[in-house]
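Okay, so here's the structure we're looking at.
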C-alpha cells in the first residue's frame, strides 16, 4: 500500500508511537495512525487507521479509512470506509459508508448529511437529539418529548431531529427551558 501511495504522490504523516490526548489539524493532511491512540482526533484531509492500530477516541474527519480497531464515535464529513480487518465499536455519522466483507461496525450509523436548505440553517452548528441532550445536560427522553411537542426550536428531517445551536442558545437565554 505504501508503494501505491508514493506512486500517486501522496505523502502521509505516519504516527506509529503510542499517544494520548487531543490531536487537531486545521489544514488538510494525510494522516495514518499505526500505533495506539487515546483521546480525541479532529482532522481534515485523509485519515487512515492502520491494520495494527488500536484507537480509543472520538474522531472527526473528512475521508476516513479503517483497517484497525476503533472504540469511540466516528464522524466523517465526506466518506467512511471500513476495510475487511477494520472494526468500529461506536456510532458513526457519514454521508457515504463502505464496509468490506469482514469489516465490523458495532454501533449506530447515521447517514444524515443532507442537512436542510442553507437559508433555514445558514451553515450554523447543528446538533442531533443526543448532542442537544448532552449540551443542555438533560435526559434524552425529555429533549425528545420537548421536540415532539414543539417546545424547543428544531426540525425533523428524514426522521431525525436537528437543532441549530444559535437558536437553542437564544431559547435558553429567553428562559423557555422547562416550559
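The values are calculated or read from the model by the stated rules, or taken from the named source; none is laboratory data. Just so it is clear, the model here is predicted, and its values are computed rather than measured. All Cβ positions, even for glycine, are placed from backbone atoms using ideal geometry, and neighbour counts span all protein chains on display.
Out of all the residues in region 54-85, which are crowded, with 23+ Cβ neighbours inside 10 Å and farther than 17 Å from residue 43 by Cβ?
The answer is 82, and nothing else.
Please go through (1) in a loop (DSSP other than H, G, I, E, B); (2) closer than 30 Å to residue 161 by Cα; (3) modelled with pLDDT of 95 or more for residue 26 and return the number of the only condition it doesn't satisfy.
(3)
For the subset of region 96-113 comprising residues that are modelled with pLDDT of 90 or more and within 21 Å of residue 125 (Cα to Cα), which member is surrounded by the fewest Cβ atoms within 10 Å (Cβ to Cβ)?
Of region 96-113, the ones modelled with pLDDT of 90 or more are 96-109.
Checking the rest, the ones that are also within 21 Å of residue 125 (Cα to Cα) come to 96, 109.
Details: 96: 13, 109: 15.
Looking at residues that are modelled with pLDDT of 90 or more and within 21 Å of residue 125 (Cα to Cα), I get 96.
Given the criteria under 16 Å from the mean Cα position of the chain (by Cα) and in a strand (DSSP E or B), does residue 60 qualify? Full working, then the answer.
On the way: under 16 Å from the mean Cα position of the chain (by Cα): yes; in a strand (DSSP E or B): yes.
It is true that residue 60 is under 16 Å from the mean Cα position of the chain (by Cα) and in a strand (DSSP E or B).
Only one of (1) at pLDDT 95 or above; (2) within 13 Å of the chain's Cα centre (by Cα) is not met by residue 92, so which one is it?
(1)
So, residue 158, is that one outside the structural domain of residue 86 (by TED's automatic domain parsing), under 20 Å from residue 80 (Cβ atoms) and at pLDDT below 75 or not?
On the way: outside the structural domain of residue 86 (by TED's automatic domain parsing): yes; under 20 Å from residue 80 (Cβ atoms): yes; at pLDDT below 75: yes.
Here the answer is yes, as residue 158 does meet what is asked.
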